[in-house]
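Q: This is the structure, below, for whatever I ask next.
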Amino acid sequence: MPAPAATEQDRSRPIGVFDSGVGGLSVLREIRRALPAETLCYVADSAHAPYGERSVAYIEARSRHIIGFLQAQGAKAVVVACNTVTGLVIGHLRAAFPGLPLIAIEPAVKPAAQSTHSGVIGLLATRQTVASPGLQRLLQLHASGRQVLLQACPGWVERVERGELDGAETEAAVAQFLRPLLAQGADTLVLGCTHYPFLAPLIRRLAGPAVQVLDPAPAVARELARRLAALDLLNPATEVGREQFWTSADPRRIGPVISALWGAPVEPALLPAALPATAAT
């Protein structure tokens, strides 16, 4: 039986986006550029960041909680703006929410493999993403004949969560993991964590103009637009959509960081610790 036709009310429902913290704002900004009319609901799970240091069961439980919350907000689709969640549990999440389109981010391995000249790619990510089965499948599928140097970058997420995007200490922390990749001939760097694009200006300066730095966020925004169009769920409104923000951390602490990264004043609400009864069932 074909799905019922989408209504105007369906098309006006919001898009949910979530990440372990503020990093997914790098994806949210690309979604806003691609889909200016959409209402966007963003959850920063900053009290539990970084996911890259958590167990698989913990990551799945947090993801289920947040997706359930966004579903309760009426989300017509949810963007998983976290490479660790994608690499470890996206299959489980899609099975748990079968009627909800889930658009997941993954490291830009395919374009990196297609564009490298030296044949050496540096992939920067969290520990859990580096070790994830999803990343291994991605490498087998797209990186044959290429040398991919997997580099976990502990501490980078925490710096972005604190809004420490430059300065001597941040530069030293970035250089610590970047220089070994460059020394091995990497001419392409893949940002395998959504927090890392906020460090991209520093990464590009340290790497030099001959090294390309790839961020998958624009591709995620394009895939989201394609999926919504296929489902007839694009918002036809002409006015610019609004954004709503939630965080599991103290909103008074994380609000200024979100505002600085988003480029506009933001007052996030506190993410409920429990879902409404209708959403939890």
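The values are calculated or read from the model by the stated rules, or taken from the named source; none is laboratory data. Worth saying up front: this structure is predicted, and the values here are computed from it rather than measured. So basically every Cβ, Gly included, is an ideal-geometry build from the backbone, and we count neighbours across all protein chains shown.
Q: Filter the stretch 123-138 down to the residues that are buried (at least 18 other Cβ atoms within 10 Å of the Cβ) and more than 14 Å from residue 85 (Cα to Cα) and list them by number.
A: The answer is 123, 124, 138.
Q: Checking residue 153 against (1) free of Cβ contacts under 8 Å to residues at least 12 places away in the same chain; (2) closer than 24 Å to residue 66 by Cβ, only one condition comes out false. Which one?
A: (1)
Q: Within the set of pairs 6+ apart or on separate chains, which have a first residue in the stretch 193-216 that is under 27 Å from residue 85 (Cβ atoms), a second that is among the basic types (Lys, Arg), and C-beta atoms under 6 Å apart?
A: Once the first residue is under 27 Å from residue 85 (Cβ atoms) and sits in the stretch 193-216, its partners that are among the basic types (Lys, Arg) give 213/204.
Q: Among the residues of the stretch 5-35 satisfying the criterion of being of a type in the set (Gly, Ala, Ser) and at pLDDT below 95, which is surrounded by the fewest Cβ atoms within 10 Å (Cβ to Cβ)?
A: Filtering the stretch 5-35 down to residues of a type in the set (Gly, Ala, Ser) leaves 5-6, 12, 16, 20-21, 23-24, 26, 34.
Cutting the leftovers down to at pLDDT below 95 gives us 5-6.
Numbers: 5: 7, 6: 15.
Looking at the filtered set, the residue picked out is 5.
Q: Given the condition under 25 Å from residue 236 (Cα atoms) and modelled with pLDDT of 95 or more, answer yes or no: does some residue in the stretch 44-63 qualify? Break it down stepwise before answering.
A: Going residue by residue through the stretch 44-63, those that are under 25 Å from residue 236 (Cα atoms) are none.
Scanning the stretch 44-63 turns up no residue that is under 25 Å from residue 236 (Cα atoms) and modelled with pLDDT of 95 or more.
Q: Still on this structure, please answer the following. Restricting to the stretch 64-86, name every residue that is hydrophobic (A, V, I, L, M, F, W, C) and either in a helix (DSSP H, G or I) or at pLDDT below 95 (or both).
A: From the stretch 64-86, those hydrophobic (A, V, I, L, M, F, W, C) are 66-67, 69-70, 72, 75, 77-82, 85; that's our starting set.
Passing the criteria: 66, 67, 69, 70, 72, 85.
Q: Only one of (1) within 14 Å of residue 244 (Cα to Cα); (2) part of a helix (DSSP H, G or I) is not met by residue 57, so which one is it?
A: (1)
Q: Looking at the stretch 121-133, is at least one residue of a type outside the set (S, T, N, Q) and touching a His at 6+ places or on another chain (Cβ under 8 Å)?
A: Going residue by residue through the stretch 121-133, those that are of a type outside the set (S, T, N, Q) are 121-125, 127, 130-131, 133.
Checking which are touching a His at 6+ places or on another chain (Cβ under 8 Å) leaves us with none.
The answer is no; no qualifying residue exists.
Q: State yes or no: is residue 38 modelled with pLDDT of 95 or more and outside any loop (DSSP other than H, G, I, E, B)?
A: So residue 38 does not fit the description; no.
Q: Next question. Applying the selection to the stretch 87-105, what residues are in contact with a Pro (Cβ under 9 Å, 6 or more places away or on another chain) and in a helix (DSSP H, G or I)?
A: Within the stretch 87-105, 87, 88 meet the criteria.
Q: Looking at 188, 170, 194, which one is hydroxyl-bearing (Ser, Thr, Tyr) and either under 23 Å from residue 117 (Cα atoms) or more than 23 Å from the chain's Cα centre (by Cα) (or both)?
A: Details: 170 fails: either under 23 Å from residue 117 (Cα atoms) or more than 23 Å from the chain's Cα centre (by Cα) (or both); 194 fails: either under 23 Å from residue 117 (Cα atoms) or more than 23 Å from the chain's Cα centre (by Cα) (or both).
Exactly one of 188, 170, 194 is hydroxyl-bearing (Ser, Thr, Tyr) and either under 23 Å from residue 117 (Cα atoms) or more than 23 Å from the chain's Cα centre (by Cα) (or both), namely 188.
Q: Of the residues in the stretch 71-89, how many are buried (at least 21 other Cβ atoms within 10 Å of the Cβ) and either under 15 Å from the mean Cα position of the chain (by Cα) or closer than 17 Å to residue 215 by Cβ (or both)?
A: Within the stretch 71-89, residues that are buried (at least 21 other Cβ atoms within 10 Å of the Cβ) and either under 15 Å from the mean Cα position of the chain (by Cα) or closer than 17 Å to residue 215 by Cβ (or both) number 12.
Q: Output the residues belonging to the stretch 94-119 that are crowded, with 20+ Cβ neighbours inside 10 Å and either charged (D, E, K, R) or out of contact with any strand residue (DSSP E or B) (no Cβ under 6 Å at 6 or more places or on another chain) (or both).
A: Matches in the stretch 94-119: 105, 106, 109, 113.
Q: Continuing with this model, one more query. What do you reckon, is residue 51 closer than 16 Å to residue 88 by Cα and surrounded by 22 or more Cβ atoms within 10 Å (Cβ to Cβ)?
A: The answer is yes for residue 51.
Q: Next question, about the same structure. So the check is Cβ under 8 Å with 6+ separation or different chains; which pairs have a first residue in the stretch 227-243 that's not assigned by TED's automatic domain parsing to the domain that holds residue 14 and a second one that's among the basic types (Lys, Arg) and outside any helix (DSSP H, G or I)?
A: none
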